[in-house]
Amino acid sequence: MKKLSKSFIIRFIIPIIGLYSQYNINQMSVLNNFSLKDKIIVITGGTGILGEFFVKAVAEAGAKVAVLGRNLERAEKRVEAVKKIGGEAIAVITDVMDEDSVRAAKEEVLNHFGTIDGLVNAAGGNIPGATIGPDTDLFGSDVQATIKAVELNLFGTIIPTHVFGQVIAEKGEGSIINISSLAASRPLTRVLGYTVAKHGIEGYTKWMAAELALRYGEKVRVNAIAPGVFLTEQNRTLLTTPEGGYTERAQKFINGTPYQRLGDPSELEGTLVYLLSNASAFVTGETVFVDGGFNSWCGV
Ligand SMILES: NC(=O)c1ccc[n+]([C@@H]2O[C@H](COP(=O)([O-])OP(=O)(O)OC[C@H]3O[C@@H](n4cnc5c(N)ncnc54)[C@H](O)[C@@H]3O)[C@@H](O)[C@H]2O)c1
């Protein structure tokens, strides 16, 4: 009996334990790839509604966060929220359209944290004056407002990428995330400048991804997230009525989404952490749609 149990242990129990621990180690190392522990992540538009979720998500994944925004009070609120969950963050006043302001922000982040590992370009959105309603004369519409919308959404991404991206590129490792939109694959009525800019972001993401990989190596990556429709400050007037219901436009978005609803900003968090982390090491130049199926459905 004693002999049998010894051979049983050697032949069956030990290999099973070995396999089980191997499985656990592999499983852990896969999960570890998603960690942002001690990474320094800069988030422009960190004061916005999607920005709030981005700041929280990267902090929960272990990163130290630089919350960039034009409004100090709102940026400090985000910092407090990170500190409440035991994380580390700083608020940095920055206008992404002003290169000097972005360069000053870079110095502030470097002085505080010493390096930069990731950038999330979340400043942007539609500008109310740039909306071309169905009753607006298309050819008489406000071209200057459209230019401003392009500038904010496209150059408001390019300027920070060139300033913070230089630190990442010279370090030889890091991840940059641009925020695109459904408007980048199919034009959205009314928002000409926004549509043009988001198309530009897709082109810029691919262009920059190739340039950075060729010049600085495969550890310097750029990707984009294309969120579906999420109710935030920049689209509230387009999507909700003064009484708080959905506009016809919001209902059209819902009808065009297989999930039959708008998104919840928390549903962007996993994709953001994945693209910032080593889990997406072989992914660059891509746009990931997080849209409940809107972009993949013809509506029938
Ligand atoms: N909400 C959506 O449904 C949706 C969908 C697709 C893409 N997006 C994109 O996500 C990003 C975030 O938008 P959001 O919905 O959270 O809007 P939001 O208005 O809540 O946040 C945008 C933030 O950008 C900041 N910002 C604007 N101009 C700036 C400037 N010059 N310098 C610095 N900061 C500036 C604003 O102050 C604000 O904090 C935008 O690029 C937007 O186009 C949003």
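List of remarks:
- Listed by first and then second residue, the pairs with beta-carbon distance under 9 Å, at least 6 apart or on different chains, first residue in the stretch 30-58 and on the phi > 0 side of the Ramachandran plot and modelled with pLDDT of 95 or more, second within 16 Å of the ligand (Cβ to nearest atom) and not in a loop (DSSP other than H, G, I, E, B), are Gly45/Gly51; Gly45/Phe54; Gly45/Leu68; Gly45/Gly69; Gly45/Val120; Gly45/Asn121; Gly45/Gly156; Gly45/Ile179.
- In the stretch 131-143, the residues that are closer than 13 Å to Val191 by Cβ reach residues that are of a type in the set (D, E, K, R) with C-beta atoms within less than 7 angstrom, at least six apart or across chains, in these pairs: Thr131/Arg190; Ile132/Arg190; Gly133/Arg190.
- Checking each residue in the stretch 174-200 for being farther than 19 Å from Phe294 by Cα and of a type in the set (A, V, I, L, M) picks out Ile176, Ile177, Leu192, Val196, Ala197.
- Only one entry of Thr257, Thr287, Thr271 meets the criterion of being in contact with a Gly (Cβ under 6 Å, 6 or more places away or on another chain) and within 16 Å of the ligand (Cβ to nearest atom), and that entry is Thr257.
- Residue in the stretch 28-44 that is within 15 Å of the ligand (Cβ to nearest atom), crowded, with 21+ Cβ neighbours inside 10 Å and not in a strand (DSSP E or B) present: no
- Residues satisfying the stated conditions in the stretch 229-268, i.e. under 20 Å from the mean Cα position of the chain (by Cα) and among the aliphatic types (A, V, I, L, M): Val229, Leu231, Leu262, Leu268
- Pairs where the first residue, in the stretch 215-232, is under 27 Å from Asp264 (Cβ atoms) and polar (S, T, N, Q) and the second is assigned to a strand (DSSP E or B) and more than 8 Å from the ligand (Cβ to nearest atom), C-beta under 9 Å, 6+ apart: Asn223/Ser175; Asn223/Ile176; Asn223/Ile177; Asn223/Asn178; Asn223/Thr287; Asn223/Val288
- Taking the criterion of being within 15 Å of the ligand (Cβ to nearest atom) and either β-branched (Val, Ile, Thr) or over 18 Å from Glu151 (Cβ atoms) (or both), the residues of the stretch 82-102 that qualify are Ala91, Val92, Ile93, Thr94, Val96, Val102.
- Which numbered condition Glu202 misses (of (1) part of a loop (DSSP other than H, G, I, E, B); (2) at pLDDT 95 or above; (3) not small (Gly, Ala, Ser)): (1)
- Restricting attention to the stretch 212-259, the residues that are at pLDDT 95 or above, under 19 Å from Ala184 (Cα atoms) and part of a helix (DSSP H, G or I) total 4.
- Picking from residues in the stretch 109-129 that are modelled with pLDDT under 95 and outside any loop (DSSP other than H, G, I, E, B), the one that is farthest from the chain's Cα centre (by Cα) is Gly129.
- Flag for Lys106 being at pLDDT 95 or above, in a helix (DSSP H, G or I) and surrounded by fewer than 24 Cβ atoms within 10 Å (Cβ to Cβ): yes
- Residue check, Ile225 more than 10 Å from the ligand (Cβ to nearest atom) and of a type in the set (A, V, I, L, M): no
- For the stretch 176-190, the criterion of being more than 13 Å from the ligand (Cβ to nearest atom), outside any strand (DSSP E or B) and either among the polar types (S, T, N, Q) or touching an Asp or Glu at 6+ places or on another chain (Cβ under 7 Å) (or both) is satisfied by at least one residue.
The values are calculated or read from the model by the stated rules, or taken from the named source; none is laboratory data. A quick note: this is a predicted structure, and the numbers were derived from the prediction, not measured. Note that we place each Cβ from the backbone using ideal geometry, even for glycine, and neighbour counts take in every protein chain shown.
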